[in-house]
Amino acid sequence: MNVEWTPQARSAVIETMIYIEETFGTKTMLDFADAIAESEMYLARDPYMFKIEPLLESCADTFRGLLVKKINKIIYRIDNNCVYIVDFWNLRMSPKKLQNRIKD
């Protein structure tokens with residue numbers, strides 16, 4: 001399957017990577033980037049293997065979440081033959097923030 005990032009998701013992941021590099025260094029940021037690339041590969045192979053995101057079950061679309069490095073989640077939906085990554089969510093954020101960021 002094709003994997004596409006929305007501008008919101010791409011912006012969130014870039015912000016996270018900048019923070020990681022400034023706080024923990026370039027090596028840690030590159031390890032994080034590798035984890036994201038690996039996650040994207042899993043999504044392209046079989047996006048249905050990850051659970052439906054419980055915080056977004058009330059949405060009209062079905063959203064799923066893929067944990068990245070224990071503290072972030074790739075939030076995505078599947079449409080036809082494409083995986084749309086709609087957000088990159090830090091799990092330390094309020095669940096209400098995620099629900100507000102994902103609008104139908």
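The values are calculated or read from the model by the stated rules, or taken from the named source; none is laboratory data. What you see is a predicted model, and the numbers here were worked out from it, not measured in a lab. Counting neighbours? That spans all protein chains shown, and the Cβs are built from the backbone with ideal geometry, glycine included. Each accessible area value is taken on the protein alone, full model and side chains, heavy atoms only, with ligands, DNA and RNA left out. Shrake-Rupley method; radii C 1.70, N 1.55, O 1.52, S 1.80 Å.
Give or take rounding to whole Å, what are the principal axis extents of the alpha carbon atoms in the chain, in descending order?
Its Cα atoms span 40, 30, 22 Å along the three principal axes.
What spacing in nm lies between the two simple spin-label points modelled at Asn100 and Thr6, each 7 Å away from Cα in the Cβ direction?
So the label points at Asn100 and Thr6 sit 1.6 nm apart.
How far, in degrees from 0 to 90, does helix 26-45 lean away from the longest principal axis of the Cα atoms of the chain, to the nearest 10?
For 26-45 against the chain, the angle is about 20 degrees.
Do the sum for the chain: with -39,500 (n - 2.57) for every DSSP H run of n ≥ 4, divided by all residues, what is the mean residue ellipticity at 222 nm, to the nearest 500 deg cm²/dmol?
Value at 222 nm, helices only: -14000 deg cm²/dmol.
Taking the Cβ-Cβ separation of Glu21 and Leu67 as r and a Förster radius of 22 Å, what is the calculated FRET efficiency to the nearest 0.05?
0.55
Which order do Asp87, Asp61 take by accessible area at a 1.4 Å probe, largest first?
Highest to lowest solvent-accessible surface, that is Asp61, Asp87.
If you add up the charges near Leu67, with Lys and Arg at +1 and Asp and Glu at -1, over every other residue whose beta carbon is less than 10 angstrom from its beta carbon, what do you get?
Around Leu67, the surrounding residues sum to +4.
Scaled to the compact-protein estimate 2.2 N^0.38 Å, what is the alpha-carbon radius of gyration of the stretch 3-42, rounded to two decimal places?
Dividing the Cα Rg of the stretch 3-42 by 2.2 N^0.38 Å gives 1.18.
Heavy atoms only, probe 1.4 Å: what % of the accessible area of the chain goes to carbon and sulfur, would you let me know?
52
Please report, largest first and rounded to whole Å, the three semi-axes of the ellipsoid equivalent to the stretch 49-104, where each semi-axis is the square root of five times an eigenvalue of the C-alpha gyration tensor.
17, 14, 9
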